1. I want to confirm something. Restricting to the stretch 122-138 and keeping residues that are surrounded by fewer than 18 Cβ atoms within 10 Å (Cβ to Cβ) and in contact (Cβ under 8 Å) with a residue 24 or more places away in the chain, which single residue is nearest to residue 183 (Cα to Cα)?
2. Please verify whether residue 39 is surrounded by fewer than 20 Cβ atoms within 10 Å (Cβ to Cβ), under 23 Å from residue 109 (Cβ atoms) and charged (D, E, K, R), treating the condition exactly as stated.
3. Return a yes/no flag: does the stretch 93-115 have any residue that is over 26 Å from residue 144 (Cα atoms) and crowded, with 22+ Cβ neighbours inside 10 Å.
4. Do we have any residue at all in the stretch 51-61 that's within 27 Å of residue 6 (Cα to Cα) and surrounded by 16 or more Cβ atoms within 10 Å (Cβ to Cβ)?
5. Working only within the stretch 187-209, note down all residues that are under 17 Å from residue 83 (Cβ atoms) and crowded, with 18+ Cβ neighbours inside 10 Å.
Amino acid sequence: MEFNKFKPHPWHGIPIGKQAPEMVIAYIEMVTTDTVKYEIDKETGFRKVDRPQKFSNIPPALYGFIPQTYCGEEIAKYASKQSKHTVSKGDGDPLDICVLSERNITSGDIIMEVIPIGGLRMIDKGEADDKIIAVLKQDAVYGHWKDISDCPPGLLNRLKHYFLTYKNLPDENSQVEIAAVYGRSEALVVIEKSMEDYKTLISNNAKNN
């Protein structure tokens, strides 16, 4: 049996999953103990240090993205329609995802099967920057959750607070807002839109090369 000689690029080389959007693969960049913000380097596919967290914010859940997705025109149009806000464009990144698990997963740069249950419609400086919320498949505590309505308000507030404040500096006004918290059915639409945007991105890149 022959194997790939090189590690697949986490964004482009890892499949989204045969059951997408109902169940997807998540690539995890950060875990709940990280005091440094890691993110994928788009060119090389390596996980890189983006910046040290300057204040006390740490991710309240496993955090990463869904491979073979992109936040582009379709995501922006859908965010504008649903929020009644002017959303100029998607943020130009793969679709972000938070994964809830009772297990103490201590390192990123891993993949896992997850089940979307909802999301946060985040708008960052006029750009669509949705955060899908999912549960780890077969998780003993969270695995039976079906929708964002199963999520206790306290946990949901922690997620919202993190994304509203993790970029803030003292005495600066935030340009980030959460326009809505939505359930599973809308999360699946958002994932589908991001899959459409990814296909457009790849098609346009092929035409230009």
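1. Applying the filter and picking the extreme gives 137.
2. Yes: the conditions hold for residue 39.
3. yes
4. No: the stretch 51-61 contains no residue that is within 27 Å of residue 6 (Cα to Cα) and surrounded by 16 or more Cβ atoms within 10 Å (Cβ to Cβ).
5. Hits for the stretch 187-209 are 187, 190, 193, 194.
Per-residue answers, yes or no, for (1) in contact with a strand residue (DSSP E or B) (Cβ under 7 Å, 6 or more places away or on another chain); (2) on the phi < 0 side of the Ramachandran plot; (3) at pLDDT below 95; (4) among the acidic types (Asp, Glu):
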site	(1), (2), (3), (4)
58	no, yes, yes, no
69	no, yes, no, no
85	yes, yes, yes, no
98	yes, yes, no, no
101	yes, yes, no, no
115	yes, yes, no, no
124	yes, yes, yes, yes
130	yes, yes, no, yes
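The values are calculated or read from the model by the stated rules, or taken from the named source; none is laboratory data. Keep in mind the model is a prediction, meaning the values are calculated, not measured. Please note: Cβ atoms are built from the backbone with ideal geometry, for glycine as well, and neighbour counts cover all protein chains shown.
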